[in-house]
Every structure is written in structure tokens, then in C-alpha cells.
Amino acid sequence: MIGPRRAWWNRLLISVLLLMVVIHSVWGHLIPSRLLRVLKRTMGQTFRIGGVRLDFPFSLVLVDVGLRTGTPDLIAGSRQVVVVPRWISWPNKTVWLSAIKYEGLTIRCRRNWEGKLEVPRPPAPPAPSPTPAAAPAAAPPEAPWTVIADTVQVVNGTLEFVDEKTPEPFRAALTEVSLMGGPLTLPYGSPRLSLAVQGRFVGHHGHAAPVYCSGWANLEPRNFEISCRLEPLPLAAFEPYYRGPIQVRVYDATVKATAKFTAKANELDGRAQVEIGNLSEADLSFLGKTIADIKKLAGEGDRSLAAEVQLSGPVDQPAAWKVQFVAGNEIVQSMLRPLFSRGIENVKIKVGQQTIQVGLTPASEEGKSSMQEASKTVEESLKLLAPEEPAPAEETAPQPAQDSSSGTAAP
């Protein structure tokens, strides 16, 4: 039998629980609907938001969030965005967030047939109408709010790219993107943003390979240090670029790369080591004719092409970059030797609308050592993202079963 005092406590507990349920239900309806109206009024025609809900205990979930680009082929949106608030200061107009999580983020870019790169961006605002001379001066705009997020996360993201300028449209994507970074300040402030990204590059006919990147960035003064690695990827993933007046056959060749890019006060210093392996004597051919007999150049040795591309110059001025191509092994050196014998030390390569001068540098022992050291540095920085797979355990022969009655091995 329950005593009067215990029955009173039970009734109080049930009342408190019911009150909490009612409060959460009311808040779960009023806050999202109110927030949705505020967000739509604030963002105007720039973003679309399908809905808002409040998850227990205090997480806000924005559903079907996307940038209104005005161009169906250009997309930037997320299936849902989870925001975990931490604190808000009205006097300082600052919002602190524990985390922002983008689920199913998709970004689609393209290069049109004219060679111009197009990325998702909101349509340009209409030009303001002229103000009469007698009209009072407009009030100064209010100071913007500052948002500080401790952690930014992307789960199952996708970055798509379509190149319409190739003989056959080239379609590629970085899929299964997982990103972890932070802290992030908007508008961009001085705190350093650390990040780690991994995904899967998918090219022509589904040829794919993993990609890993990690590093940090300080966006306002353009300081950053990023290390990346591309696992062996079949060159057939870029097949549309090998068609046209000049045709290249790649067969089973693969490409892998490691790169490190560093910028200080907008000055870029980048190095990328590239290795093309699984080559045969017909892998490098134009119009059906072999121009480089890899088997003859390499003999019975390693049949791969290794080189390093060095970049330097202002981050925001690619046309001013200095690009240097350094031969990484004897096969590449042998291929460049005819150019050196004719006094050719620079070649022009067109990238988009820009023509870049690429210097050719002979291989040297010092250069090879520097390449190996740079590649080792990248590998060390990516160990947490792409740990080496453990070696398979050695198989041991099965031991014969023991006959418990006699103590001898059973037949």
C-alpha cells in the first residue's frame, strides 16, 4: 500500500513531467515556426528553407536548405542542417554555436562551352532606383551579427563538376565527402580554421579513387597550409580530355599524387608530386602512333613517370603564378632531353582563359631528395585520415583435434 506522502510525490512527479512535455511541445511548435519566418525574412530571395524543427533538447534542424542560383544546372544545398546553439549575446550581436552539421550537402559547378567556370551564386540584386535630391539621407546599416561555430561538419557530401568544353562532356564528382573543421567565424575573422576532408573522386565511366586532405586556414589574410593525397586513379577517368585532333591512349595507366600548398599573406608556395604508373610501350601515343617507347626508355626497370609541379605567386592572381615542372626520374628526363637540346626551357599551357608559362627543370639528386622529403611530410600529415591497413595475419596450419579419451590426435 502506498502511503499518502509517497502518493503526493508521485502526483508531483507526474505533473512536472506532463508540464515539461507541454512546454517542449509548445516550444517545439512556436520556436521553429517563428524562426522560419525570421530566416525567410532575413535571407530574402538568397536562400530557400523547406522547414525548421526543434530536436530534443535544443538542436535546431533546417530542412531542405539551398542557395537560389537562378540556374538549374548550378546547385548548392543540403538535405538538412543541424545547428546546436551554445550562447547568444544580444548587446554584442554574437551567436555561439557548439556545432553546425550539413547532411547531404551537394554543390554542382560547370565550365561552359566558352570555357568560363560557373559556380553557384545568388542572382545579382536589382539596381537601386535613383533617389530624389530632396529625399532624406538613408540611415546607416546596422552592424552585422557575428556567428562563431566551434565545429563544422559535413556528412555524405558531394561536389559535382561538368566540363562542357571537351569534345564529350566530362563529368566528375567528389562523393562520400566527410569533413570536420573548426572553429569558424562568420563574417570571416582571425581564428585559425582546422580541417580534415576525405572523399572519393569519380571520373569518366565510374573510375574512382580515394582522396584525403588536411590542414588549416586563416581566411581573411589568406594564410593556409593544406596537404592532400590522391590514391592511384586510372587515367581513363579523364578520357574525354584525350579525344579530338590529338588523341592519347592510356590503357591501364594510373596516376597518384601528393601535394602541399602553403600561403602566407596571400603568397602561395605549392608543390605537387605526380606519378603515372602501369605504363606500357603504347601508353603515350598521338593519332595512333607511339611517341614515347616506355619499354625502351625504362628497360627492365620501373616503368613509371614521376615529376613535381611547383607553384608560387599571389593566391588571388593565378595569371601571375610561376609554374615549374621538375623531372622526377630518368624516364621523364629522357622525354624532356630533346626539348633541352633545342633550347626549349618553357612551354605554354592554357588553363581556362589563362595561358601559364611552365618552366622545365632537369632532374638532380638534390631535387629528388627534396621531392621525397615533401612527399614524406604530406604522408605524415595525413596518417590520421588514411591510416595504413594492418598487414594480414599469417595463416597457420590447423592443428589436429585431440581425442580426450586417449590423449592422442584424432585421425
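The values are calculated or read from the model by the stated rules, or taken from the named source; none is laboratory data. In this text, all values refer to a predicted model and were calculated from it rather than measured experimentally. Methodologically, a virtual Cβ is constructed for each residue, glycine included, from the backbone with ideal geometry; neighbour enumeration extends over all protein chains shown.
Which of the residues spanning region 96-120 are modelled with pLDDT of 85 or more and of a type in the set (Lys, Arg)?
Of everything in region 96-120, those that are modelled with pLDDT of 85 or more and of a type in the set (Lys, Arg) turn out to be Lys101, Arg108, Arg110, Arg111.
Considering only residues that are at pLDDT 65 or above and among the β-branched types (Val, Ile, Thr), look in region 38-64 and name the one that is surrounded by the fewest Cβ atoms within 10 Å (Cβ to Cβ).
Let us first name the residues in region 38-64 that are at pLDDT 65 or above, namely 45-64.
Within this subset, residues satisfying the condition of being among the β-branched types (Val, Ile, Thr) are 46, 49, 52, 61, 63.
Numbers: Thr46: 13, Ile49: 16, Val52: 22, Val61: 16, Val63: 15.
Top of the filtered list is Thr46.
Could you list, in sequence order, the residues of region 85-105 that are surrounded by 18 or more Cβ atoms within 10 Å (Cβ to Cβ) and of a type outside the set (Phe, Trp, Tyr)?
Within region 85-105, the subset surrounded by 18 or more Cβ atoms within 10 Å (Cβ to Cβ) is 95, 97, 100-102, 105.
Selection gives Val95, Leu97, Ile100, Lys101, Leu105.
So Ile356 ticks every box in (1) modelled with pLDDT of 70 or more; (2) of a type outside the set (Asp, Glu); (3) within 28 Å of the chain's Cα centre (by Cα); (4) not in a helix (DSSP H, G or I) but one. Which box is left unticked?
(1)
Can you tell me which residue among Lys296, Lys289 is out of contact with any strand residue (DSSP E or B) (no Cβ under 7 Å at 6 or more places or on another chain), modelled with pLDDT of 70 or more and surrounded by fewer than 17 Cβ atoms within 10 Å (Cβ to Cβ)?
Values: Lys289 fails: modelled with pLDDT of 70 or more.
So the residue among Lys296, Lys289 that is out of contact with any strand residue (DSSP E or B) (no Cβ under 7 Å at 6 or more places or on another chain), modelled with pLDDT of 70 or more and surrounded by fewer than 17 Cβ atoms within 10 Å (Cβ to Cβ) is Lys296.
Which ranges mark the strands (runs of 3 or more DSSP E) fully within region 173-254 that have 3 or more residues being in contact with a Leu (Cβ under 6 Å, 6 or more places away or on another chain)? Break it down into steps so the answer makes sense when it comes.
Values: elements: 184-186, 193-202, 208-218, 223-234.
Hits in region 173-254: 193-202, 208-218.
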